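Visitor: Take a look at the following structure, please.
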Amino acid sequence: MSEGVKMSIKLFIITAVAALALSVTYAVTEEPIRLQNEQASMEARKAVLPDAQEFLPVDISEYKDEYPDVIEVYQGKSGDDVVGYIFRVVSKGYGGNVELFVGIDGKENRIESVSIISHKETPGLGAKATESDFLSQYTGKSADSSLVVVRGRATQDTQVEAITGATITSKAVTQGVNSALEFYGRVLKDGGAER
């Protein structure tokens with residue numbers, strides 16, 4: 001047998017063993033990773049709607065064309081009571097997509113909380129959108145009105161102060177929140193009352 005054939009056989013065996021090891025590793029870790037991701041998602045939903053004990057997915061397939069930014073909707077329940085809804089939305093920021101959860105308290109008809117799941121915004125500028133100083137501005141605002149980003153001080157309840165140097169990011173987050181508010185008002189609030 002020539003040296004080239006021996007080398008090819010050795011290389012094939014090494015490759016086959018490596019592929020087998022990778023497939024076994026994947027099979028062993030697939031379920032724990034899925035469960036860990038599911039738990040992280042549950043905790044993120046709980047953070048934006050803390051009164052809910054369980055989260056039931058809402059079928060939004062018929063609204064995908066009308067609300068392309070709304071990726072998922074969950075109904076938050078505590079026992080038999082619907083306490084609100086959680087929206088996973090995506091909007092276009094300065095550096096790429098900004099993905100966030102918006103929790104709406106259905107009993108109080110207000111925004112419970114907003115949390116950014118992922119972003120590609122500029123560190124030190126747009127990345128400040130993840131900080132509580134910015135996100136806390138949404139908490140408690142009425143679910144009946146769209147929000148507007150302003151430079152400087154917000155003087156009305158429908159206004160959100162832009163992050164200095166990151167107006168595009170501020171508008172992206174607010175656009176995502178407004179998409180959730182509009183979907184909530186038109187499709188879910190009071191059984192789907194039109195605004």
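Visitor: Round to the nearest 10 and give me the degree value, 0 to 90, for the angle of helix 167-183's Cα axis relative to the longest principal axis of the chain.
Guide: The answer is roughly 80 degrees.
Visitor: For residue 148 and residue 23 in the same chain, what is the full-extension length gain: residue separation times 0.36 nm, less their Cα-Cα distance, in nm? Kindly include the intermediate steps, with their values, before the conclusion.
Guide: Values: separation 125, 0.36 × 125 = 45.00 nm, distance 5.01 nm.
Fully extending the segment from residue 148 to residue 23 adds 40.0 nm.
Visitor: Among 105, 65, 80, determine the one that fluctuates most according to a GNM of the chain built with springs between C-alpha atoms less than 10 Å apart.
Guide: The residue with the greatest mean-square fluctuation here is 80.
Visitor: Test of understanding: what is the full-extension gain from residue 3 to residue 107, defined as 0.36 nm times their sequence separation minus their Cα-Cα distance?
Guide: Working: separation 104, 0.36 × 104 = 37.44 nm, distance 7.71 nm.
Fully extending the segment from residue 3 to residue 107 adds 29.7 nm.
Visitor: Got a sec? Which residues in the range 83-108 would a label at residue 54 touch, if it sits 7 Å along Cα→Cβ and we count backbone N under 14 Å?
Guide: Of the residues in the range 83-108, 83 have backbone N under 14 Å from the label point off residue 54.
Visitor: Could you tell me the number of lysine pairs in the range 1-133 with C-alpha atoms less than 18 Å from each other, where the two lysines are 8 or more residues apart or belong to different chains?
Guide: Numbers: 46/77; 46/107; 64/92; 77/107; 92/120; 92/128; 120/128.
Count of close lysine pairs: 7.
Visitor: Report the dimensions of the chain along its three principal axes from the alpha-carbon atoms, largest first, rounded to Å.
Guide: 84, 45, 30
Visitor: If you line up the long axis of helix 3-48 against the longest principal axis of the chain, both from Cα atoms, how many degrees apart are they, to the nearest 10?
Guide: Orientation of helix 3-48: about 20 degrees from the principal axis.
Visitor: Under a 10 Å cutoff between Cα atoms, tell me which one of 56, 11, 125 has the largest fluctuation in the Gaussian network model of the chain.
Guide: Top of the fluctuation ranking is 11.
Visitor: Name the most mobile residue of 20, 181, 35, meaning the one with the largest mean-square fluctuation, in a Gaussian network model of the chain with Cα contacts below 10 Å.
Guide: 20
Visitor: Looking at the range 66-144, which trypsin sites (Lys or Arg not before Pro) are in a loop (DSSP not H, G, I, E or B) and have at most 15 other Cβ atoms within 10 Å? Intermediate values should be presented prior to the final figure.
Guide: Working: sites: 77, 88, 92, 107, 110, 120, 128, 141; in loops: 107, 120, 141.
Listed in order of number, the matching sites are 107, 120.
Visitor: Tell me the mean residue ellipticity at 222 nm calculated for the chain from its helices only (DSSP H runs of n ≥ 4, each -39500 (n - 2.57), averaged over every residue, nearest 500).
Guide: Values: 3 runs with 67 residues, N = 195.
The helix contribution divided over the chain gives -12000 deg cm²/dmol.
We did not get these values from a lab; they are worked out from the coordinates using the rules stated. Bear in mind that the values here come from a model prediction, so they are computed numbers and not experimental data. Cβ: placed from backbone, ideal geometry, glycine included. Neighbour counts: every protein chain shown.
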